[in-house]
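Peer 1: There's a structure below that I have some questions on.
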Amino acid sequence: MFIRILGSAAGGGFPQWNCNCPMCTGVRTGSINARVRTQSSIAVSHDRCDWVLFNASPDILTQIQQCGVLQPARQLRDTGIQSIVLMDAQIDHTTGLLMLREHRQALSIWCTAAVREDLSEGNPLFRVLDHYSGIDWHELTTDGNVCQIPGAASVTFTALSLTSNAPPYSPHRDKPVDGDTIGMMMSDTVSGRSVFYAPGLGEMETHVWEAMQSADVVLIDGTMWTDDEMIQRGASNKTARSMGHLPQSGSGGMLEWLDKLPESTRKILIHINNTNPILDEDSEERSILDDHGVEVAHDGLELEI
């Protein structure tokens, strides 16, 4: 199984277009050691030819251009993207679907019924796409069902319900229902190895923790360093947890949980907010992650599992 990190930042990317926080200013001016990042998305394949796209960010066209294997050029109109999995209905994970409207067949979309509802009613992207390529919807359930998704023939996929938060336009906002946000266990039937992927995780539940412990690689929510990061930066009055993200530091934070995983587990943070000091590779916070054996995903990183 191959996993390509197309985008590693949270919504807005890094730097965020209208943000002048120390991190965004620093990467623009070159005064900090940091990489520019597009909004969170990955692609999964068994042969580096056909791919399953996870989330379609607003940066999808740039990401496709920067990842040559997504365009195999086998015919006049072609793409390596065979299926698209949506982990939630957030704008930064779905807006890119509009950029794929020229597809010659209906877009093969895999998501939960809750996400389909949000993208048909609250933010009717699916109804808009019906005027272009159309949607071929496949329901993902969180009942432990193992499925295969076209684009990664040797990989099995199991969706897990996560406690996070639905988008602001969703009728489920602050009233979560099953399927608003999912994690995904991906297992390679050839190598026998597995990955747990969850770019948005607000609470460590028993079934999630069990999945993380069984995975060889954990690709997990790294949105914010502290719970009050946005408040301290003056960027928002919301905490990380209220937005559905477990912060890395502090009691019960992501780093505390990652420390409990087996030493053999590869631990990688993704979906990094532009305010998060771990984006500065010379920061104290980044040094702490290094000491704990935790990596920070960057655009273009490829994993072979």
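The values are calculated or read from the model by the stated rules, or taken from the named source; none is laboratory data. Keep in mind it's a predicted model, so treat the numbers as computed, not measured. Glycine gets a Cβ as well: all are built from the backbone with ideal geometry, and neighbour counts include every protein chain shown.
A quick yes/no check of all residues on (1) modelled with pLDDT of 95 or more; (2) of a type in the set (S, T, N, Q); (3) closer than 14 Å to Pro167 by Cβ:
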{"residue": "Ser83", "(1), (2), (3)": "yes, yes, no"}
{"residue": "Asp88", "(1), (2), (3)": "yes, no, yes"}
{"residue": "Thr95", "(1), (2), (3)": "yes, yes, yes"}
{"residue": "Arg101", "(1), (2), (3)": "yes, no, no"}
{"residue": "Gln105", "(1), (2), (3)": "no, yes, no"}
{"residue": "Ala113", "(1), (2), (3)": "yes, no, no"}
{"residue": "Asp118", "(1), (2), (3)": "yes, no, yes"}
{"residue": "Pro124", "(1), (2), (3)": "yes, no, yes"}
{"residue": "Cys147", "(1), (2), (3)": "yes, no, no"}
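Peer 1: Please specify each residue of the stretch 254-284 satisfying the condition of being in a helix (DSSP H, G or I) and more than 20 Å from Thr206 (Cβ to Cβ).
Peer 2: Pro277, Ile278, Leu279, Glu284
Peer 1: Identify all residues within the stretch 16-60 that are outside any loop (DSSP other than H, G, I, E, B) and hydrophobic (A, V, I, L, M, F, W, C); write none if there are none.
Peer 2: Of everything in the stretch 16-60, those that are outside any loop (DSSP other than H, G, I, E, B) and hydrophobic (A, V, I, L, M, F, W, C) turn out to be Met23, Cys24, Val27, Ile42, Ala43, Val44, Trp51, Val52, Leu53, Phe54, Ile60.
Peer 1: Restricting attention to the stretch 224-234, and to residues there that are in a loop (DSSP other than H, G, I, E, B) and more than 21 Å from the chain's Cα centre (by Cα), which single residue is farthest from Leu201 (Cα to Cα)?
Peer 2: Top of the filtered list is Gly234.
Peer 1: Hey, another quick one. Go through the stretch 66-87 and give me each residue that's out of contact with any Leu (no Cβ under 9 Å at 6 or more places or on another chain), part of a loop (DSSP other than H, G, I, E, B) and either on the phi < 0 side of the Ramachandran plot or crowded, with 18+ Cβ neighbours inside 10 Å (or both).
Peer 2: Gln71, Pro72, Arg74, Gln75, Leu76, Arg77, Asp78
Peer 1: Now for a different question. Can you confirm whether Ile305 is among the β-branched types (Val, Ile, Thr) and either touching a Gly at 6+ places or on another chain (Cβ under 7 Å) or at positive phi (or both)?
Peer 2: Taking the combined requirement at face value, the residue does not satisfy it.
Peer 1: Suppose we keep only residues that are basic (Lys, Arg) and within 15 Å of Asp299 (Cα to Cα) within the stretch 23-49. Which one would you say is surrounded by the fewest Cβ atoms within 10 Å (Cβ to Cβ)?
Peer 2: Selected residue: Arg35.
Peer 1: Of the residues Ser251, Ser287, Ser191, which is outside any loop (DSSP other than H, G, I, E, B), on the phi < 0 side of the Ramachandran plot and of a type in the set (S, T, N, Q)?
Peer 2: Ser287
Peer 1: Hey, could you check the stretch 235-259 for residues that are touching a residue at least 40 places away in the same chain (Cβ under 8 Å) and more than 17 Å from the chain's Cα centre (by Cα) and say which is nearest to Leu289 (Cα to Cα)?
Peer 2: Leu258
Peer 1: Is it the case that the stretch 95-113 has a residue that's out of contact with any strand residue (DSSP E or B) (no Cβ under 7 Å at 6 or more places or on another chain), of a type in the set (Lys, Arg), in a loop (DSSP other than H, G, I, E, B) and closer than 25 Å to Met243 by Cα?
Peer 2: Among the residues of the stretch 95-113, not one is out of contact with any strand residue (DSSP E or B) (no Cβ under 7 Å at 6 or more places or on another chain), of a type in the set (Lys, Arg), in a loop (DSSP other than H, G, I, E, B) and closer than 25 Å to Met243 by Cα, which makes the answer no.
Residue-by-condition table, conditions (1) among the β-branched types (Val, Ile, Thr); (2) surrounded by fewer than 15 Cβ atoms within 10 Å (Cβ to Cβ); (3) over 29 Å from Asp59 (Cα atoms):
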residue	(1), (2), (3)
Ile220	yes, no, no
Asp227	no, no, no
Ser251	no, yes, yes
Leu261	no, no, yes
Arg266	no, no, no
Ile272	yes, no, no
Arg286	no, no, no
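Peer 1: Something else about it: Considering only residues of the stretch 199-216 that are in contact (Cβ under 8 Å) with a residue 60 or more places away in the chain and crowded, with 20+ Cβ neighbours inside 10 Å, which is nearest to Asp47 (Cα to Cα)? If you could, list the steps in order and put the result at the bottom.
Peer 2: Step one: of the stretch 199-216, the residues in contact (Cβ under 8 Å) with a residue 60 or more places away in the chain are 199-200, 216.
Filter once more, so that each one left must be crowded, with 20+ Cβ neighbours inside 10 Å: 199-200.
Values: Pro199: 24, Gly200: 27 Å.
In this case the residue turns out to be Pro199.
Peer 1: Sticking with this structure for a sec: Under 7 Å between Cβ atoms, which residue pairs at least 6 apart in sequence (or on different chains) link something in the stretch 7-32 that is more than 16 Å from Met224 (Cα to Cα) with a partner that is of a type in the set (Val, Ile, Thr) and assigned to a strand (DSSP E or B)?
Peer 2: So the pair list comes out empty.
Peer 1: Considering only the stretch 135-145, state which residues are touching a residue at least 40 places away in the same chain (Cβ under 8 Å) and of a type in the set (Val, Ile, Thr).
Peer 2: Within the stretch 135-145, just Thr142 meets the criteria.
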